[in-house]
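Here's the structure we're looking at; comments come further down.
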Protein chains: 4
Amino acid sequence: MISFESDYIAGAHPKVLEKLMETNMEALGGYGTDKYCESAKEKIKAACGCPGAEVHFLVGGTQTNALVISSMLKEYEGVIAAKTGHVSLHEAGAIEYTGHKVLEIAQENGKIVPELLKEYLDTFYMDENREHMVFPGMVYISHPTEYGTLYNKKELEQISDICQGYEIPLYLDGARLGYGIMSRETDVTMEDIAKCCDVFYIGGTKVGALCGEAVVFTKGNAPKHFMTIVKQKGALLAKGRVLGVQFDTLFTDGLYFDISRHAIDMAEQLKGMLKEKGYQFYMESPTNQQFVIVENGKLSELKKSVAVSFWEKYDDAHTVIRLATSWSTTQEDMDILKEVL
Amino acid sequence: MISFESDYIAGAHPKVLEKLMETNMEALGGYGTDKYCESAKEKIKAACGCPGAEVHFLVGGTQTNALVISSMLKEYEGVIAAKTGHVSLHEAGAIEYTGHKVLEIAQENGKIVPELLKEYLDTFYMDENREHMVFPGMVYISHPTEYGTLYNKKELEQISDICQGYEIPLYLDGARLGYGIMSRETDVTMEDIAKCCDVFYIGGTKVGALCGEAVVFTKGNAPKHFMTIVKQKGALLAKGRVLGVQFDTLFTDGLYFDISRHAIDMAEQLKGMLKEKGYQFYMESPTNQQFVIVENGKLSELKKSVAVSFWEKYDDAHTVIRLATSWSTTQEDMDILKEVL
Amino acid sequence: MISFESDYIAGAHPKVLEKLMETNMEALGGYGTDKYCESAKEKIKAACGCPGAEVHFLVGGTQTNALVISSMLKEYEGVIAAKTGHVSLHEAGAIEYTGHKVLEIAQENGKIVPELLKEYLDTFYMDENREHMVFPGMVYISHPTEYGTLYNKKELEQISDICQGYEIPLYLDGARLGYGIMSRETDVTMEDIAKCCDVFYIGGTKVGALCGEAVVFTKGNAPKHFMTIVKQKGALLAKGRVLGVQFDTLFTDGLYFDISRHAIDMAEQLKGMLKEKGYQFYMESPTNQQFVIVENGKLSELKKSVAVSFWEKYDDAHTVIRLATSWSTTQEDMDILKEVL
Amino acid sequence: MISFESDYIAGAHPKVLEKLMETNMEALGGYGTDKYCESAKEKIKAACGCPGAEVHFLVGGTQTNALVISSMLKEYEGVIAAKTGHVSLHEAGAIEYTGHKVLEIAQENGKIVPELLKEYLDTFYMDENREHMVFPGMVYISHPTEYGTLYNKKELEQISDICQGYEIPLYLDGARLGYGIMSRETDVTMEDIAKCCDVFYIGGTKVGALCGEAVVFTKGNAPKHFMTIVKQKGALLAKGRVLGVQFDTLFTDGLYFDISRHAIDMAEQLKGMLKEKGYQFYMESPTNQQFVIVENGKLSELKKSVAVSFWEKYDDAHTVIRLATSWSTTQEDMDILKEVL
């Protein structure tokens, strides 16, 4: 049995675990005050080409989204997101739990369309009843999106410009950022993201860490007393070192990017395989997640030897499934999969 | 200058004010423990044909929606509403402020379509990832809707059945309930509403009161310690009598229904007038709110002598406007309007 | 049967009701945009000697406290209040519902002691673990307090200075402000309050109105989009006129102060009467609420002819009760009470 | 430089890390559905002698407190805790953030006194104004407390009985539970705790894990859809295995108890050392945290060679400090400390 079910089926990249082992008995200060957190932050700022950034480590993606969004919005504001955005659909209402509405707008291939975003904001500010409505106070995008797609540099800049025009921050959810940056079809770099976004996070959980996400506030705009806010939301790790050591390792000698490239290589192999076998793609994805439409009988057969993810019902006879590669996918996995397909 | 801007342009029905005057110096207990609240509750239960109901008085509509919805939902649940529902659009995020998502679904003429509601619920319960999603915990409908339209009895029963099938309560926002009940085109009575809904409210603010809404829990399902919950949300009036006296008057000798019928009569006259003058209706409404599409130049002209409501932009040259009648609309207002049109 | 149970046993002052009657059929804009709200705001600013103030009308006291406190605090902050403060004890957790802790400190006669306040703040800022604690973000005082006592001008200025020193706003709950201002034993004026406080409210519910409180932001510090915040919390009245007309009347020709003085006159008479009859006072109060300790058997007897409030158990044989006068107390009430005592 | 600063200065017990390493590349299901979580739950239920319990894994202590308390309270309820309780003081308002008040009561040596608890509840239910107050809906105790003290079995049973009498759950915060269970002076076992409490948690972060706490609902009382609630609060780990593997290791062959006993042995040695040297104890603690009062000059000296925790100011010349042992304290640390003292 092999698994392409998700990009979090394995533990951490071996180098990450080794470093945890190596530093295990050092006596370190709690709550992120240790030297590994410090070192990891410096390396991340360098990788983003953003020396003035402020970096914070959190444990998981939904936690990060809820914390960043709620601490940056004013109380009468909501966050604009694609209908298919993770915050809209798959976080069990974590944003609403903080008291803020997710203002869902139409999407194309999982992405917000700059023109539609502008139209939404223009219409809002022309509505004579807007004082009775939720003010749009932030734009949330995911990159790669929930469908594995990517914004190109021009789109990112357009969205950034629109946000600046309306003086609201742009926030990028980078749960799978490595797989976006290392895609063969992208023109977007980490530096571009740091320039275009007011805040974003670099996903660790799905890219080599046991857990952990690194939030980057790029413009001197981190909320005051952010550590207290993190504590208040139950998100402050006593042993902050666990996150510091992991990110320090991932951002040493380009490990984060190398393991992401490996996942992309495996994904390209996977795409080729699926195309060759005549599978119908649900959407064209240049990253580590691939979505195909499978006839239900065939799916039952497939599941006997490969773990895959149910995505959504396509029609009565077909289902959309997801196959994901990651840093942990091996050539052996690929070879077995080829046999099975 | 005359006004058809809304159904809350005047104070209270004169009989209501007179009763407030008459009872003004009586020493009464606070927080809704007075005899007028008691009497009003009995009359409302009788009017609903629902002797087992529990009635509570609140001050305004958004407050009522937020209180009823948040106190009946479990923390992992959201409320299903039409995209055009008041709770979805025009309450400044009051529901999300309580921590719950408004699950917006498609609408037709401002109404939830029973088939689409069922499909939404069926799909949710078939989704393998539903534990990561907001559970649908209630259905919210408004009657009349925000567009003045009405559910017929069959639709109401279908929606009620679907809710029962999924064991979630049905909540009806009756901000303008009188105008719905007294519409010439409805087959829905107060008794029907009490039978079909788990909870609903009878609007006072827009139907003859200075302020006030009467919440009716129809099935022994009022949340425990509801008074404390009301207090906690800042919605408990020290002088509960203000609401008790008003509702007691409105439900004495059918005043609530008589003044609602008057508004409908005025609305029918208005419709006739608008049709005669060739106005294009945005939607067919059998209640007190009428929506027409007006050329912008003409609108500017009109606004010089009649106050109306901006509803939404129709196209670059046209605007949707609302004209509303109410218990306070006079024949004189109608005659002047006829001149103007 | 007469009632000294509370200061909200009657409706509104007759002049207030008359004005509501008189303006009843005027067509006015909704949500506080009418001319009576405008006029009332101007009169209140004049009465406070604070032309630059911003005034907002809300419906009730708990609502006002929750709205003012939550919209002025940052998310990592709480509000300091006396243990006996209304927000600490008798608002069913309305402040905590908004996500903020009430930081309860010791009190004397219902009042915060300037020295203890300073010590609390000094200690907080010297605590090395303060990033794990709730930051004190505001000071809440009530004037008169829940025990009818008053701050003198010096105390008020000291507290104000301490707040300024720590750059946190001072908020005064004036649910019974008129009775404080018109006390025979105070040296504090409305102007003093406007000068010392960043925000305070002038109570209407207990001083002549059916309902309503006027919030005064004294230093250009009203939260942005406060109307939307009010709507979001379900506190925006469609017929804002109801509050505007009432406060406009109360602040015309000094009515608010005249009726407050009347209540004080009645209270002084009451105090004299109680002293004469040998009642033991629980606390010395210079305002409209009087607290006495009564033997339980005697209390049962008393309750047969006078409604009073249970305040707290004193010991197994005695109870603390409250007798309150108000604008509506008549000389006839006093005469009957004298007989009874 | 040695450190007695806290019980979270080191990483994880080596056996825990080894197991993470060993299982690292296994493909496992996400969100706690893996076999290690399953196995850990079974072992924990066995260790508690409570086969009917339901066990959930969370990441940290504040998160656990906020989740357990908010998901078990009704909206009009608060949680009773000692003034010195972790939820009262050192969680940055995490409980209030969920909308619930912490009802702080007096304490002795960090513990709730059964008699005072009963009195608090009795008084509340006799107060005629209780509908305006926060209902006590749960009792929170920590064991060991924040001062290292322990409830004895009789006290625990008394508190449990009081809770049952008022039909409210008893919740025990076991952040350092191992150090309590293995204290030489306790008569309380894990089974006793499972019997007396409705819910409690077994701390991992401070007892051998990198992070992680195991919540035990002992009476079939886990909130419905708890996983969705956990997700909504941003507390659901994608790689649930990280917690499963750690707790599975800690509860294999009694490791949790063995390493706790080691910390107690070290603490007893520490106590002896401090007594011998004439240190004044702030409180008598039978667990791994020791509190002593140190003259400020001496403290400065001490800090040059030993890291300790500031606890609170004692007087102008003295400070209360904490020295903590843990599973990671070595005999070498002790020997160096002896030299230093």
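The values are calculated or read from the model by the stated rules, or taken from the named source; none is laboratory data. These numbers come from a predicted model, not from an experiment. Please note: Cβ atoms are built from the backbone with ideal geometry, for glycine as well, and neighbour counts cover all protein chains shown. Quick note on the areas: whole protein, heavy atoms, side chains included, nothing else; ligands and nucleic acids left out. Shrake-Rupley method; radii C 1.70, N 1.55, O 1.52, S 1.80 Å.
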field: Residues located in the stretch D:266-294, provided they are open to solvent by 60 Å² or more (accessible area, probe 1.4 Å) and touching a residue at least 24 places away in the same chain (Cβ under 8 Å)
entry: D:269, D:277, D:282, D:284
In the stretch D:24-57, the residues that are at positive phi and touching a Pro at 6+ places or on another chain (Cβ under 9 Å): none
Selection count, the stretch B:81-127, where residues are outside any loop (DSSP other than H, G, I, E, B), more than 16 Å from the chain's Cα centre (by Cα) and polar (S, T, N, Q): 1
- request: Among the residues of the stretch D:264-294, count how many are in contact with a Gly (Cβ under 9 Å, 6 or more places away or on another chain), assigned to a loop (DSSP other than H, G, I, E, B) and among the small types (Gly, Ala, Ser).
  value: 1
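Please enumerate the residues belonging to the stretch D:242-252 that are open to solvent by less than 10 Å² (accessible area, probe 1.4 Å) and of a type outside the set (Gly, Ala, Ser).
From the stretch D:242-252, those open to solvent by less than 10 Å² (accessible area, probe 1.4 Å) are D:242-247, D:250; that's our starting set.
Answer for the stretch D:242-252, where residues must be open to solvent by less than 10 Å² (accessible area, probe 1.4 Å) and of a type outside the set (Gly, Ala, Ser): D:242, D:243, D:245, D:246, D:247, D:250.
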task: Go through the stretch A:206-227 and give me each residue that's open to solvent by less than 10 Å² (accessible area, probe 1.4 Å) and in contact with a strand residue (DSSP E or B) (Cβ under 7 Å, 6 or more places away or on another chain).
output: A:212, A:213, A:214, A:215, A:216, A:217, A:226
message: Take the residues in the stretch C:142-156 that are in contact with an Asp or Glu (Cβ under 7 Å, 6 or more places away or on another chain) and outside any loop (DSSP other than H, G, I, E, B); name whichever of them is farthest from residue C:191 (Cα to Cα).
response: C:142
query: Do we find a residue being away from chain B (no Cβ under 14 Å), within 24 Å of residue C:68 (Cβ to Cβ), touching a helix residue (DSSP H, G or I) at 6+ places or on another chain (Cβ under 7 Å) and not in a helix (DSSP H, G or I) anywhere in the stretch C:245-263?
result: yes
field: Top-ranked residue in the stretch D:300-322 [being open to solvent by less than 40 Å² (accessible area, probe 1.4 Å) and under 12 Å from residue D:282 (Cα atoms); ranked as farthest from the chain's Cα centre (by Cα)]
entry: D:319
Test for residue A:220: is it at positive phi and in contact with a Gly (Cβ under 7 Å, 6 or more places away or on another chain): yes
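Of all the residues that make up the stretch A:40-56, how many are in a helix (DSSP H, G or I) and out of contact with any Ser or Thr (no Cβ under 9 Å at 6 or more places or on another chain)?
Residues of the stretch A:40-56 that are in a helix (DSSP H, G or I), as a first pass: A:40-48.
Cutting the leftovers down to out of contact with any Ser or Thr (no Cβ under 9 Å at 6 or more places or on another chain) gives us A:41-42, A:44-47.
Counting residues in the stretch A:40-56 that are in a helix (DSSP H, G or I) and out of contact with any Ser or Thr (no Cβ under 9 Å at 6 or more places or on another chain) gives 6.
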task: Quick one: count up the residues across the stretch D:87-103 that are in contact with a strand residue (DSSP E or B) (Cβ under 6 Å, 6 or more places away or on another chain) and in contact (Cβ under 8 Å) with a residue 24 or more places away in the chain.
output: 6
- prompt: Taking the stretch B:227-240, which residues are touching a Ser or Thr at 6+ places or on another chain (Cβ under 7 Å) and part of a helix (DSSP H, G or I)?
  reply: B:229, B:231
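For residues that are surrounded by 17 or more Cβ atoms within 10 Å (Cβ to Cβ) and not hydrophobic (A, V, I, L, M, F, W, C), scanning just the stretch A:323-341, find the one that is nearest to the other protein chains (Cβ to nearest Cβ).
Of the stretch A:323-341, the ones surrounded by 17 or more Cβ atoms within 10 Å (Cβ to Cβ) are A:323-329, A:333-334, A:337.
Next, only the ones that are not hydrophobic (A, V, I, L, M, F, W, C) stay: A:325-326, A:328-329, A:333.
Details: A:325: 12, A:326: 10, A:328: 7, A:329: 10, A:333: 9 Å.
In this case the residue turns out to be A:328.
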task: Of all residues in the stretch B:183-222, count the ones that are among the charged types (D, E, K, R), within 13 Å of the chain's Cα centre (by Cα) and not in a loop (DSSP other than H, G, I, E, B).
output: 1
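Search the stretch B:10-27 for residues being open to solvent by 20 Å² or more (accessible area, probe 1.4 Å) and not acidic (Asp, Glu), and hand back the single one that is nearest to residue C:91 (Cα to Cα). Please lay out each step first, then the result.
Start the filter on the stretch B:10-27 by keeping residues that are open to solvent by 20 Å² or more (accessible area, probe 1.4 Å), which leaves B:13-15, B:18-19, B:21-22, B:25-27.
Filter once more, keeping what is not acidic (Asp, Glu): B:13-15, B:19, B:21, B:25, B:27.
Details: B:13: 33, B:14: 34, B:15: 34, B:19: 30, B:21: 30, B:25: 27, B:27: 24 Å.
Here the answer is B:27.
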statement: Output for Cβ contacts, cut-off 6 Å, separation at least six or different chains, first residue within 7 Å of chain D (Cβ to nearest Cβ) in the stretch A:17-30, second open to solvent by 60 Å² or more (accessible area, probe 1.4 Å), reads A:17/D:21
- request: Sort through C:33, C:62 and tell me the only one that's at pLDDT 95 or above, of a type in the set (Val, Ile, Thr), assigned to a helix (DSSP H, G or I) and open to solvent by 10 Å² or more (accessible area, probe 1.4 Å).
  value: C:62
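Within the stretch C:145-155, count every residue that is more than 16 Å from residue C:81 (Cβ to Cβ) and crowded, with 23+ Cβ neighbours inside 10 Å.
Applying the first criterion (more than 16 Å from residue C:81 (Cβ to Cβ)) to the stretch C:145-155 yields C:148, C:150, C:152-154.
Filter again for crowded, with 23+ Cβ neighbours inside 10 Å, leaving C:148, C:150.
Result for the stretch C:145-155: 2.
Here's the yes/no breakdown for (1) within 23 Å of residue B:88 (Cβ to Cβ); (2) at pLDDT below 95; (3) open to solvent by 10 Å² or more (accessible area, probe 1.4 Å):
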{"site": "A:109", "(1), (2), (3)": "no, no, yes"}
{"site": "A:132", "(1), (2), (3)": "yes, no, yes"}
{"site": "A:140", "(1), (2), (3)": "yes, no, no"}
{"site": "A:143", "(1), (2), (3)": "no, no, no"}
{"site": "A:158", "(1), (2), (3)": "no, no, yes"}
{"site": "A:168", "(1), (2), (3)": "yes, no, yes"}
{"site": "A:176", "(1), (2), (3)": "no, no, yes"}
task: Exactly one condition in (1) farther than 20 Å from residue D:230 by Cα; (2) in contact with a Cys (Cβ under 6 Å, 6 or more places away or on another chain); (3) within 13 Å of chain D (Cβ to nearest Cβ) is not met by residue A:194; state its number.
output: (3)
message: Any residue at all in the stretch B:3-11 that's at the interface with another protein chain (Cβ under 8 Å from one of its Cβ atoms) and in contact with a Cys (Cβ under 9 Å, 6 or more places away or on another chain)?
response: no
- prompt: So which residues in the stretch B:68-107 are open to solvent by less than 10 Å² (accessible area, probe 1.4 Å), of a type in the set (A, V, I, L, M) and away from chain C (no Cβ under 14 Å), if there are any at all?
  reply: B:79, B:80, B:81, B:82
